[in-house]
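Quick notes on the structure that follows.
Readers should treat all values here as calculations from the given coordinates under stated rules, not as data from a laboratory. Everything quoted here is computed from the prediction, not taken from an experiment. A quick note on method: Cβ atoms are made from the backbone with ideal geometry, for glycine too, and the neighbour counts reach across all protein chains shown.
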Amino acid sequence: MKNGSLIFFLIGLFLACGDSKIEVQSPLLVVDTYPSSGAEVDPSLSDILVFFSSRIDSASLSNDSFVLELIGEIDTTVAGAKVSTEVLDISEDGTSVHIVIKETPLKRGSIYRLTISNVKSVFGDKLSQSYYKFFKVR
């Protein structure tokens with residue numbers, strides 16, 4: 001390519017790009033939970049906290065977004081006995097959700113699985129996958 005042609009090519013490329021922006025969309029992540037995955041908890045546990053990487057869209061939350069199940073082993077495919085929970089509130093900064101366990105005390109010596117899914121951020125980002133957190137009751 002000759003120098004003159006190269007200059008026109010670069011000018012054309014610059015004009016074609018204009019004010020276009022490159023946006024990289026990142027998935028919403030579950031950063032942590034309380035109790036943490038693998039924790040041993042007291043049977044009187046009645047609160048679960050879920051911490052996200054971005055502010056959560058409260059309209060995307062439902063009781064089906066956080067499913068707590070009594071299961072026999074650490075497994076993501078086994079069906080467990082669903083435990084009644086309720087989304088109580090979202091933190092002031094919008095990045096964590098407080099869930100109340102309505103059926104306490106929890107069963108001693110049992111493993112529970114919390115499945116987190118179908119949640120969106122205020123930016124429209126979705127969880128890229130379901131998150132599974134397990135804890136054992138002492």
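Taking H placed 1.01 Å from N in the peptide plane, check which residues at least 5 places from Ile71 or on another chain put their amide H under 5 Å from its amide H.
Ile111, Tyr112, Arg113
So who's got an amide H within less than 5 Å of the one on Ala39, skipping anything under 5 residues away but keeping other chains? H placed 1.01 Å off N, in plane.
Amide H to amide H, under 5 Å and 5 or more residues apart or across chains, Ala39 pairs with Lys136.
If neighbour count is taken as other Cβ atoms inside 10 Å, put Lys126, Lys133, Lys120 in order from fewest to most.
Lys126, Lys120, Lys133
If I stretch the segment between Glu86 and Tyr132 completely, what's the gain in nm (0.36 nm per residue apart, minus their alpha carbon distance), one decimal?
Here the answer is 14.8 nm.
Which net charge results for the neighbourhood of Ile101, defined as the other residues with beta-carbon distances under 11 angstrom from its beta-carbon, given Lys and Arg at +1 and Asp and Glu at -1?
-2
Can you tell which of Gly109, Pro27, Gly94 lies farthest toward the positive end of the dipole of region 24-137, using +1 and -1 charges on the Cβ of basic and acidic side chains (Lys, Arg; Asp, Glu)?
Gly109
How many nm separate the modelled label positions at Ser26 and Ala39, each set 7 Å beyond the Cα in the direction of the Cβ?
Going from the Ser26 label point to the Ala39 one covers 2.5 nm.
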